[in-house]
Structures are given as structure tokens and as C-alpha cells.
Amino acid sequence: DGGITQSPKYLFRKEGQNVTLSCEQNLNHDAMYWYRQDPGQGLRLIYYSQIVNDFQKGDIAEGYSVSREKKESFPLTVTSAQKNPTAFYLCASSEAGTGGAYEQYFGPGTRLTVT
Amino acid sequence: QKEVEQNSGPLSVPEGAIASLNCTYSDRGSQSFFWYRQYSGKSPELIMFIYSNGDKEDGRFTAQLNKASQYVSLLIRDSQPSDSATYLCAVRGIKAAGNKLTFGGGTRVLVKP
């Protein structure tokens, strides 16, 4: 089955610790994205990548870092510099290019709680 | 002004009725428009997308786009209790590098039996 997997589903960390969220896709999509969702809110873009070894900051990149060493994988690290990291984190992927709809498909999400 | 605006709801709809959801956007050059459904605690799932003015139908769902007025709407016909969810509107602007989408805050829909 083609799809996007995220792990773990729930993650608990102490304040001051870095934590890495996993995102893997087997849809052969070039583009991958990380979003953050807070309760009752829409999605806000953290980072995105259109091709391996290249990525760009989204609207709320401060306190986060990413890597894109493989087409299938786009891990997100939430660093201790992120002031309010507790949220629902969603990974998405899409085809890349111009002139098309390039709809994004989402993984199941990781719910991070930092205390 | 937010880039993509939706009424947060809840929109309460009797079972079998039509639910009408609206979304307005500020970037006049926006190209593609998406509707996602998100159940509580779950990730968004794509319902449909539209990029030409007019209506696009898919089963019980119809998306309507009016670029001149900068709004896109979603109609859900014969609403079912299983349609109770938050519906997210997303827009790809003309300046959107990397196929970035901008999301509205979502409209919560409650279908009452």
C-alpha cells in the first residue's frame, strides 16, 4: 500500500530536550512538508522540501530543523529553542512541478507533548 | 486580514440536508483550491480540489469557485452523521513557491440525526 507513515503517534518529552519526528512516504513524491496544528486551529507550514538535499523554511521555522537525505524521508527535529512545542505535527507529500494541482496527502500525525 | 478565512462554526445541519461551507482568500492570483476533511484527532484527508471557475461535483460533494469574488465553497448534499468533522480550505497562491498551501482555520460541521 502506498502512503505516508509518521512515528511515533504520541511523544512525550521534558522541556529542554530535542526530539525528532519521523516521516516516510512510498508514494514516490518529490515534495514533502511539515505542518503544525494547535487545538482548534488550521495548519501552519514549518518546512518544506521539493527535492532531495534541499529544503526551505515555512512560516514558523524558528526552533525546528529538518533534513532531506533520501526522497522517502523527511525527519523533523523540534529543538529546545522552540518556545511552545506541544502540538499535533503533520507530514505531507505531493508531486512537484508547475501547472498542476499537486494535491498534498497527509500522514497520520504525531502528537507531541512537552512538559 | 487572514490569507484564507473560514467561519469556525459549528455549522449545525439536520441529517439529509445540504451543508454549505464558505472560504474566502486574499491572493487574487491564487491558482488551486482544496477541501480537506479532518475528524477529531485525525489527520486531514483530501475531499476534492478545483482550479477553474464554476462547479465541480464528486459524489455528494460539490466545490464551487468564483475567482472574481475570491471565494470557494463546498456543498455536502444528503448530509450524514459521518460527515461531522472539521473542513479545511487550502489555497495555493500565485506566488506559492514549492507548491505551498495556505490553510484556513476550518469550519466544524455537526450533522444531527
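No value in this document is a laboratory result; all are computed from the given coordinates. Keep in mind it's a predicted model, so treat the numbers as computed, not measured. Positions of Cβ are backbone-derived with ideal geometry, glycine not excepted, and every protein chain shown enters the neighbour counts.
For the residues of B:99-109, the average number of beta carbons from a partner chain within 10 Å of their own beta carbon is 5.
In this structure, the residue pairs whose Cα-Cα separation is over 24 Å, taken from A:Lys57/B:Lys67; A:Lys71/B:Lys2; A:Lys9/A:Lys83; B:Lys67/B:Lys100; A:Lys9/B:Lys2, are A:Lys57/B:Lys67; A:Lys71/B:Lys2; A:Lys9/B:Lys2. Just tell me which aspartates and glutamates come within less than 20 Å, Cα to Cα, of B:Lys112; anything on the same chain fewer than 8 places away is out. Cross-link targets: B:Glu15, B:Asp78, B:Asp83.
With the cut-off at 1.5 for a/c, could you classify the protein assembly as shown from its C-alpha gyration tensor as rounded, prolate or oblate?
Numbers: a/c = 1.86, a/b = 1.42, b/c = 1.30.
In terms of gyration-tensor shape, prolate.
With a 10 Å cut-off around each Cβ of B:43-55, the average count of Cβ atoms from other chains is 3. Each residue of segment A:67-72 was assigned a 3J(HN,Hα) from its phi angle through the Karplus expression (A = 6.51, B = -1.76, C = 1.60, θ = phi - 60°), giving 9, 9, 8, 10, 4, 7 Hz with x at Gly and Pro. At q = 0.22, 0.26 Å⁻¹ the log10 of I(q)/I(0) for segment A:29-111 amounts to -1.07, -1.40, computed by Debye summation with a single uniform scatterer per C-alpha, solvent ignored.
Give me the number: length gained by fully extending B:Asp55 to B:Asp78, i.e. 0.36 nm times residue separation minus the C-alpha to C-alpha distance, one decimal in nm.
Length gained between B:Asp55 and B:Asp78: 6.5 nm.
Note on A:38-49: average number of Cβ atoms from other chains within 10 Å of each residue's Cβ is 4.
For chain A, a Gaussian network of Cα nodes joined below 10 Å ranks A:Gly97, A:Gly40, A:Gly16 by mean-square fluctuation, and the top entry is A:Gly40. Here the Kirkwood formula puts the hydrodynamic radius of chain B at 14.1 Å, using every distinct Cα pair.
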